Each structure stands twice: as structure tokens, then as C-alpha cells.
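Contents: one structure, followed by commentary.
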Amino acid sequence: MRGAIIKDITLRIWEMSRKGKSVQEIASELGVNKHTVAGALTRGRNKGVIPRPDRNYATSYMLSKFGMKGGSIISLMDHLSMEQRVWLVSEAKKINCETIEEYLLEKIRDEYEESNQRK
């Protein structure tokens with residue numbers, strides 16, 4: 001009988017994943033370890049409940065296809081003036097982001113949605 005009942009937390013993880021949330025975002029929002037999330041996602045993929053990542057468009061593959069490199073948040077900030085860094089951090093704090101990564105992710109997702117609505 002073990003494993004016959006899927007825990008509520010697992011179902012929530014699967015749903016959040018289907019909505020595009022990252023492992024880190026899910027773990028943070030649910031207050032669980034990211035390894036718990038990763039395990040639940042693996043089980044979901046094995047059961048066919050959530051899709052497997054499309055390996056043809058893994059980030060490194062996609063970037064190399066366009067002749068680009070990923071870079072890093074630290075590298076990005078190193079290229080900003082002190083005034084720009086202060087502005088960036090204050091803007092992130094205004095919307096309660098804990099990291100610059102989280103802030104940029106929110107901005108990118110917002111811009112993407114607005115771009116699709118304009119089409």
C-alpha cells in the first residue's frame with residue numbers, strides 16, 4: 001500500500017511546476033527543501049504527470065545555438081555603475097524580492113506576458 005496515496009505536498013509541487021515555477025521558487029513558497037521538490041518532480045515525470053524538460057532547448061544548448069553565453073548576475077552587476085546598482089537593488093526591494101535573480105525573473109516574465117498580449 002506504500003506509495004498508493006500521493007501526498008498533498010507532492011500534488012502542489014506538480015501543479016506549481018506545471019505553472020512554470022522553478023525548483024527554488026517552489027521550495028521557497030512551500031517551505032520545503034529543494035531536494036524534496038526535485039524528488040517530487042522526478043516522480044511526477046516518471047509517472048507522466050508532468051512533462052520532462054525539453055532537452056533540445058536546455059539553456060546551454062539554446063544559448064550556444066545563438067552564439068551566446070549565459071553569464072551571471074554578479075557579472076551583470078559588475079558592469080553597472082554604482083548608481084545603477086543602487087537603483088536595481090532598491091527596485092528589487094520595492095517589490096519584496098530577496099535576490100536580484102528573483103527581480104530580473106519577475107521583470108522578464110512580466111515583459112514576456114505583455115509582449116504576448118500585444119500580438
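The values are calculated or read from the model by the stated rules, or taken from the named source; none is laboratory data. All figures in this text were calculated on a predicted structure; none of them were measured in a lab. Cβ coordinates were reconstructed from backbone atoms using ideal geometry, including for glycine residues, and neighbour counts include every protein chain displayed.
Scan segment 7-44 residue by residue and report those that are in a helix (DSSP H, G or I), of a type in the set (D, E, K, R) and under 23 Å from R109 (Cβ atoms).
From segment 7-44, those in a helix (DSSP H, G or I) are 8-18, 23-30, 34-44; that's our starting set.
Applying the additional criterion that residues be of a type in the set (D, E, K, R) yields 8, 12, 15, 18, 25, 29, 34, 43.
Selection gives R12, E15, R18, E25, E29, K34.
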>> Going by what's in this entry, would I13 be described as among the hydrophobic types (A, V, I, L, M, F, W, C), closer than 19 Å to E101 by Cα and at pLDDT 90 or above?
In response: no
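For segment 80-119, which positions are outside any helix (DSSP H, G or I) and touching a helix residue (DSSP H, G or I) at 6+ places or on another chain (Cβ under 6 Å)?
Step one: of segment 80-119, the residues outside any helix (DSSP H, G or I) are 80-81, 95-99, 119.
Listed by number, the list holds a single entry, C97.
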> Are there any pairs, at least 6 apart or on different chains, whose C-beta atoms fall under 6 Å, with the first in segment 30-42 and closer than 14 Å to K7 by Cα and the second in a helix (DSSP H, G or I), and if so, which?
Replying inline: V37/I13; V37/V23; V37/I26; V37/A27; A40/T10; A40/I13; L41/S17
>> Looking only at segment 16-65, count every residue that is of a type in the set (S, T, Y), more than 24 Å from E98 (Cα to Cα) and either surrounded by fewer than 11 Cβ atoms within 10 Å (Cβ to Cβ) or in the same structural domain as L105 (by TED's automatic domain parsing) (or both) and tell me the total.
In response: 2
